[in-house]
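*Asks:* This is the structure I want to talk about, given as structure tokens.
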Amino acid sequence: MDSLIHPPSLVAGDHIALISPSRYTDSTMIEQAKQWAESHGFVGVEAGNLGEQSNQFGGSSNQRAADVNTAIGQPLIKAIWAIRGGYGAVNMVDLVDWEALKASPKWLIGFSDFTHLIGKAHVNGLAALHAWMPIQLPQLDTSSKNSLALALQGKALGLCAKPHDLNRHGQSTGLLIGGNLSVLYSMIGSDSFPCLDGAILFLEDLDEHFYHIDRMMWALKRSGSFKGLQGMIAGDMTDMHDNDVPFGMNALEILAEHCPKSLPFAAGFPFGHEKRNETLVTGSQVTLTVDSQGAAFTYLP
């Protein structure tokens, strides 16, 4: 499977459109995003409907999609960055002009609920950035902040993880695909769900019960999504819950159990809903290596 189309790298002075495709945002988050962009030589530009609120959403579905579509049509804008996640991208993702984005590729940036847009970008042959969002900035570590700037500049680094008891050793090469497990699960059967044949699948999640992690992994497996998979890496599984009667496995154990036994599996990668949330370039060819020294994936030319 070939690497997807990578939008052009950013240089000093390039504009980044700030959008809120899911929950509504506030002026503090917007200002934080602008300051970060400026500190790296970019210009953060507020989308026309940024700051709008419709119940829990950042404006209507049409408004949120319009912000993406307007950004696609503006030559100075080279990237489109979600201020925050939450819930709501599902009701605007199909209103995005994906044909226009393919004709003028720009980096889509976000994670969690933004997995809807990352998945649809993949289906349309476009790489994207699974990366932290401005809502995380007050707690985010320096390495993660810098990782996004490097990725936007075309200098993305691979990622390492320490040895983990659940790791399954091996080496494989594939296309880096994934995101939030709950969102991927909700996309099964839709035209936003990326084909995982030949993929290194990466997963993270937040605020779920162990039994539901198991349910979602069974759904992915039984849908045939794991056929042709080349490996699996797990990021943070944050604020997980058990029932009064224990499920018997934690979230990482469940992921390891469902990963095909012939494939390398690695836990503990630093991405997800924690203070370290490193940027991943989805749609890139990577080599995953898992051994006694830990795990790492490297981007291929």
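The values are calculated or read from the model by the stated rules, or taken from the named source; none is laboratory data. Because the structure is a prediction, the values reported are computed rather than measured. Note: ideal-geometry Cβ built from the backbone for every residue, glycine included; neighbour counts use all protein chains shown.
*Asks:* Can you tell me which residues in the range 111-134 are assigned to a helix (DSSP H, G or I) and of a type in the set (Phe, Trp, Tyr)?
*Replies:* Phe114
*Asks:* Among the candidates Ser20, Ser39, which residue alone is at negative phi, surrounded by fewer than 21 Cβ atoms within 10 Å (Cβ to Cβ) and either at pLDDT below 95 or of a type in the set (Ser, Thr, Tyr) (or both)?
*Replies:* Only one candidate qualifies: Ser39.
*Asks:* Now a separate question. Considering each of Gly178, Gly119, Gly189, Gly154 in turn, give the residue that is touching a residue at least 24 places away in the same chain (Cβ under 8 Å) and within 27 Å of Ser292 (Cβ to Cβ).
*Replies:* Sole residue among the options that is touching a residue at least 24 places away in the same chain (Cβ under 8 Å) and within 27 Å of Ser292 (Cβ to Cβ): Gly178.
*Asks:* Does Ile254 satisfy being within 23 Å of Gly110 (Cα to Cα), of a type in the set (Val, Ile, Thr), in the same structural domain as Gly174 (by TED's automatic domain parsing) and in contact (Cβ under 8 Å) with a residue 12 or more places away in the chain?
*Replies:* No.
*Asks:* What number of residues within the range 221-231 satisfy the criterion of being in a helix (DSSP H, G or I) and either exposed (fewer than 15 other Cβ atoms within 10 Å of the Cβ) or under 18 Å from the mean Cα position of the chain (by Cα) (or both)?
*Replies:* The number of residues fulfilling the criteria is 1.
*Asks:* For the range 190-205, what are the residues that are assigned to a loop (DSSP other than H, G, I, E, B) and either at negative phi or aromatic (Phe, Trp, Tyr) (or both)?
*Replies:* The answer is Ser190, Asp191, Ser192, Phe193, Pro194, Cys195, Leu196, Asp197.
Residue-by-condition table, conditions (1) in contact with a helix residue (DSSP H, G or I) (Cβ under 6 Å, 6 or more places away or on another chain); (2) without any contact (Cβ under 8 Å) to a residue 24 or more places away in the chain; (3) within 13 Å of Leu181 (Cβ to Cβ):
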{"site": "Leu220", "(1), (2), (3)": "no, no, yes"}
{"site": "Gly231", "(1), (2), (3)": "no, no, no"}
{"site": "Gly235", "(1), (2), (3)": "no, no, yes"}
{"site": "Val245", "(1), (2), (3)": "no, yes, no"}
{"site": "His258", "(1), (2), (3)": "yes, no, yes"}
{"site": "Leu280", "(1), (2), (3)": "no, no, no"}
{"site": "Gln293", "(1), (2), (3)": "no, no, no"}
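*Asks:* Would you mind finding the one in Gly48, Gly58 that is closer than 23 Å to Gln136 by Cα, surrounded by fewer than 19 Cβ atoms within 10 Å (Cβ to Cβ), at pLDDT 95 or above and small (Gly, Ala, Ser)?
*Replies:* One residue alone meets the criteria, Gly48.
*Asks:* For the list (1) without any contact (Cβ under 8 Å) to a residue 40 or more places away in the chain; (2) buried (at least 19 other Cβ atoms within 10 Å of the Cβ); (3) in a helix (DSSP H, G or I), I need the number of the one condition that Leu108 fails.
*Replies:* The one condition Leu108 does not meet is (3).
*Asks:* So which residues in the range 1-60 are outside any loop (DSSP other than H, G, I, E, B) and under 30 Å from Lys227 (Cβ atoms), if there are any at all?
*Replies:* Ile5
*Asks:* Hey, can you tell me all the residues within the range 247-280 that are touching a strand residue (DSSP E or B) at 6+ places or on another chain (Cβ under 6 Å) and outside any loop (DSSP other than H, G, I, E, B)?
*Replies:* Ala251, Leu252, Leu255, Ala256, Phe265, Ala266, Leu280
*Asks:* Okay, moving on. Of the conditions (1) in a strand (DSSP E or B); (2) free of Cβ contacts under 8 Å to residues at least 24 places away in the same chain, Asp165 clears all except one; give me its number.
*Replies:* (1)
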